[in-house]
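S.K.: Here it is: the structure, laid out below.
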């Protein structure tokens, strides 16, 4: 498992812990009567689905898919690294902006949520564009042609 894959997977685990912590806070808040708003629910859901699940999928895809061919002009490891950092920073930013908004009694949406969300979409699309050429058969097409079932 190479470095960039480990970054994606370990970051996804940290985002999961952050999301679980937010969920635990909301559970306690319901019982104790602490205030929290809908934005905290969004922060919790978003950091688990995008931060944890999507980052895990991206890391595993980067790890498992075959190496890029020599002709593949899309895949650039340095761009994957930049996408990782933008995705991580935008996910953290969105979580904290929404969580802060949800902890205030009369919170309001912030432009940072929109910007960080747009950056996350950009990073996911960019990532899968980069690895598109790596989604190909490597030997399995010959076994399938011989009748092997997967």
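None of the figures in this text is laboratory data; all of them are computed from the coordinates on show. Owing to the predicted nature of the structure, the values given are computational and were not obtained by experimental measurement. Reconstructed Cβ throughout: ideal geometry from the backbone, glycine too, with neighbour counts over all protein chains shown.
S.K.: How high is the FRET efficiency from residue 57 to residue 78, r the C-beta distance, R0 25 Å, rounded to 0.05?
M.R.: Numbers: r = 21 Å, r/R0 = 0.85.
Computed FRET efficiency for residue 57 and residue 78: 0.75.
S.K.: At R0 = 22 Å, how high is the FRET efficiency between residue 2 and residue 69 if r is their beta carbon distance? Nearest 0.05 is fine.
M.R.: Working: r = 18 Å, r/R0 = 0.82.
E(calc), rounded to 0.05, equals 0.75.
S.K.: Relative to the longest principal axis of the chain, what angle (0 to 90°, nearest 10) does the C-alpha long axis of helix 77-103 take?
M.R.: Rounded to the nearest ten degrees, it is 20.
S.K.: Let me ask something else. Among 52-58, 33-39, 141-147, how do they line up by average Cβ neighbours within 10 Å per residue, starting with the highest?
M.R.: On the way: 52-58: 20.1, 33-39: 14.0, 141-147: 9.3.
Highest-to-lowest ranking by the protection proxy: 52-58, 33-39, 141-147.
S.K.: Please work out which option in (i) 1.20; (ii) 1.29; (iii) 1.07 gives Cα Rg over 2.2 N^0.38 Å calculated from these coordinates, and answer with its label.
M.R.: (ii)
S.K.: Cα axis of helix 3-32 to longest principal axis of the chain: angle in degrees, 0 to 90, nearest 10?
M.R.: Roughly 30 degrees between the two axes.
S.K.: Continuing with the same structure: If I fit a long axis through the Cα atoms of helix 111-131 and take the longest principal axis of the Cα atoms of the chain, what angle between them do I get, 0 to 90°, rounded to 10?
M.R.: With rounding to tens, the tilt is 10 degrees.
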